[in-house]
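Right, one structure below, let's go through it.
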Amino acid sequence: MLSVIYSEKFLQHETGLSHPECPERLIAVVKALSKVDWKSQLSWHLPTPISDRDVLKYIQQVHTSEHIAKIRKIATTGSGYLTLDTPVSKDSYDVALLAVSAWLDGVDAVLEKNAPAFILARPPGHHATKDQAMGFCLFSNAAIAAHYALMKPEVKRVAIVDWDVHHGNGTEDIIQDNPQIAYCSLHQHPCYPGTGYNSERGKYSNILNLPMAPGSTIEDYRPVFEQQVIPFVEKFQPDLLIVSAGYDANHEDPLASISLKPADYGFFTQCLTKITRQIVFGLEGGYHLKALADSVIATLVNCL
Ligand SMILES: [Zn+2]
């Protein structure tokens, strides 16, 4: 059984008319997963409520108290903008805490069951730095989950693979000086947010950035995945793998210019599940609703 962690409360982070990071993204994925032949192999779970877990304790491990207070304050006033592209609505703070809780539940589920889990949550997280929300992201879900996992005695090293089309500058910012966390990102370059050069290696050579040219297809990605991503992750010998699973490198996606197909995410998933079954997949970007839903399906079916 594969765990999928989802709550309709994730729809309550409202971003406004025609914002690409919209609640309909999750609705499209849930609807598509309700129709697959293998739906009986999915085990759906609600995230641990934020009233039952001190989520802030884990967020404070990676974000400044000023960052947390700013998000809470703007949400309390009803709505506003953290940056021009990162709006918050009145429930956004609580929803973002619940999203973190879902990612932590993903870590627990994977370690307990030795099988992958998929976190179907929003807002996404990989652009949020220690002290700055940006790029639709409030809290760095992946980095918080990695730190949480490292509190478990059986976890000494966590690797994060980020296949979202944008560089996860926030994740990199937070983990770059941590020898227990490795970060590997494939992303379009040049593209938002402008970071992610191959020369950014981390204090312990724990970062591998793999910029991809606009127009790249699976023919370009496959050798990079096989010859660079896989050896980097294998050499690190992680006890847990976290995937920042963004699906905006799809050909149809409106925010970037890479030409992957949904089935290509199945190939990525196969490569990673050969290394370990202990994988937490967490949703980041992906803004073409059908391509997003088809890509999540391609990911999950290759985990069965
Ligand atoms: Zn993205």
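We did not get these values from a lab; they are worked out from the coordinates using the rules stated. Keep in mind the model is a prediction, meaning the values are calculated, not measured. Positions of Cβ are backbone-derived with ideal geometry, glycine not excepted, and every protein chain shown enters the neighbour counts.
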Charges only on Cβ, +1 for Lys and Arg, -1 for Asp and Glu: so what's the dipole of the range 2-301 about the Cα centre, in debye to the nearest 20? 460 debye
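Taking 0.36 nm per residue of separation and subtracting the Cα-Cα distance, what length does fully extending Ser18 through Arg222 add? Don't skip to the end; give the middle numbers.
Values: separation 204, 0.36 × 204 = 73.44 nm, distance 3.35 nm.
Once the chain is fully extended between Ser18 and Arg222, it gains 70.1 nm.
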Rounded if a/c is under 1.5, else prolate if a/b is larger than b/c, else oblate: which is the range 210-259, with a ≥ b ≥ c the root eigenvalues of its Cα gyration tensor? oblate
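Arranged from highest to lowest average of other beta-carbon atoms within 10 Å per residue, in what order do the peptides 63-70, 267-274 appear?
Numbers: 63-70: 15.9, 267-274: 18.2.
In decreasing order of mean packing, 63-70, 267-274 become 267-274, 63-70.
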Is the range 2-301 best put as rounded, prolate or oblate by its Cα gyration tensor, with a ≥ b ≥ c the root eigenvalues, rounded for a/c under 1.5, and otherwise prolate when a/b is larger than b/c, oblate when not? rounded
For the range 2-301, the charge dipole (Cβ of Lys, Arg +1; Cβ of Asp, Glu -1; about the Cα centre) points to a positive end, and the Cα of His13, Thr83, Leu150 closest to that extreme belongs to Leu150
Highest-fluctuation residue, Ala249, Ala115, Ala142 considered, GNM on the chain with Cα pairs under 10 Å: Ala115
Near the amide H of Ile242, under 5 Å away, which other amide H atoms are found, from residues 5 or more places off or on another chain, if H is placed in the peptide plane? Ala159, Ile160, Val161, Val280
At Ala69 and Lys31, where each label point lies 7 Å from the Cα along Cα→Cβ, what is the point-to-point distance in nanometres? 4.3 nm
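Taking the beta-carbon count within 10 Å as an exposure proxy, list Arg277, Arg157 from fewest neighbours to most. If you can, show how the numbers build up before the last one.
Numbers: Arg277 14, Arg157 17.
The order, fewest Cβ neighbours first, is Arg277, Arg157.
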Suppose R0 equals 25 Å; then what is the FRET efficiency for Asp131 and Glu200 from their Cβ-Cβ distance, rounded to the nearest 0.05? 0.85
I'd like the Karplus ³J(HN,Hα) series for the range 171-180: coefficients 6.51, -1.76, 1.60, θ = phi - 60°, whole numbers in Hz, and an x wherever there's a Gly or Pro. 4, 4, 4, 7, 9, 4, 9, 10, x, 8
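Going by the alpha-carbon gyration tensor, a ≥ b ≥ c the square roots of its eigenvalues, is the range 1-156 rounded (a/c under 1.5) or, if a/c is not under 1.5, prolate (a/b greater than b/c) versus oblate?
Working: a/c = 2.16, a/b = 1.21, b/c = 1.78.
Oblate, since a/c reaches 1.5 and b/c is not below a/b.
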Largest fluctuation, Asn178, Asn206, Asn169 only, Gaussian network model of the chain with Cα springs under 10 angstrom, belongs to Asn178
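When only Cα pairs under 8 Å and 6 or more residues apart are kept, what is the percent relative contact order across the range 37-117? Don't skip to the end; give the middle numbers.
Details: 55 pairs, mean separation 26.7, N = 81.
About 33 percent, as a whole number.
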Express in nm, to one decimal, how much length is gained between Lys39 and Leu304 on full extension, taking 0.36 nm for each residue of separation and deducting their alpha carbon distance. 94.3 nm
Need the list of aspartates and glutamates near Lys90 for cross-linking: C-alpha distance under 14 angstrom, and skip anything on the same chain fewer than eight residues off. Glu14
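Grab the Cα-Cα distance for Leu84 and Thr48, subtract it from 0.36 nm times how many residues apart they are, and report the gain in nm with one decimal.
9.9 nm
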Please list 3J(HN,Hα) in residue order for the range 94-109, calculated via the Karplus relation 6.51 cos²θ - 1.76 cosθ + 1.60 where θ = phi - 60°; whole Hz, with x for glycine and proline. 5, 5, 5, 5, 5, 5, 4, 4, 5, 5, 5, 4, x, 4, 4, 5
Could you point to the residue in Ile174, Leu240, Pro254 farthest towards the positive end of the range 2-301's charge dipole, with +1 and -1 charges on the Cβ of Lys/Arg and Asp/Glu respectively? Leu240
Under 25 Å between alpha carbons, and skipping anything fewer than 8 positions from Lys39 in its own chain: which lysines qualify? Lys9, Lys31, Lys113, Lys261, Lys274, Lys290
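Using just the helices of the chain, give the 222 nm mean residue ellipticity in deg cm²/dmol: DSSP H runs with n ≥ 4 each add -39,500 (n - 2.57), and the total is spread over all residues, rounded to 500. Walk me through the intermediate numbers first.
Working: 10 runs with 107 residues, N = 304.
Computed ellipticity for the chain at 222 nm equals -10500 deg cm²/dmol.
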With an 8 Å Cα cut-off and a minimum separation of 6 or more residues, compute the relative contact order for the chain in percent. 19 percent
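Output the antiparallel fraction of DSSP beta bridges having both residues in the range 2-301, as a percent to the nearest 5. Walk me through the numbers before you get to the answer.
Working: 5 of 38 bridges.
The antiparallel fraction comes to roughly 15 percent.
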Report the residues of the range 77-107 in range of a label on Met1: point 7 Å along Cα→C-beta, backbone N strictly under 20 Å from it. 102-107
